[in-house]
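Rule-based calculations on the coordinates, nothing more; no lab input. Treat the numbers as computed from the prediction; the structure is a model and nothing was measured. Heads up, the Cβs are rebuilt from the backbone with ideal geometry, glycines too, and the neighbour counts pull from every protein chain shown.
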Amino acid sequence: MKKYTLYGWSGERTLPLSGNPKQIIDQITDKSEMAFRTREDLRRTYASMVSDWTGASIRFGSDDDFIEDLIESGVLEEKNEEKRQEF
């Protein structure tokens, strides 16, 4: 399972996340201090905030597009887990 880190507007690490785009959005919703009525509301609100912070265009029509754009903007970063070498 892929693991990610979500960064806040000032660059601090805010949330460790994992899974597919739907699972990531579910985790953001569960852990957020903001109240979202729907998934679409979360995507639209976060897209607006991230666009303001980074100047990047963030699509919010689908979970996949939204997560892809968060990664491209640098707000969501995939963790590179180093594999242990066995000798």
Exercise for the section: Can you tell me the FRET efficiency between M1 and T29 if r is taken as the Cβ-Cβ distance and R0 is 22 Å, rounded to the nearest 0.05? Expected result: 0.75
Exercise for the section: Could you please report the charge total around L15, scoring K, R as +1 and D, E as -1 over all other residues with beta-carbon less than 13 angstrom from its beta-carbon? Expected result: -1
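Dividing the convex hull volume of the Cα atoms of the stretch 3-78 by its residue count, what figure in Å³ per residue is obtained? Before the final figure, lay out the partial values.
Numbers: hull volume 5.9 nm³, N = 76.
Cα convex hull per residue, to the nearest whole number: 77 Å³.
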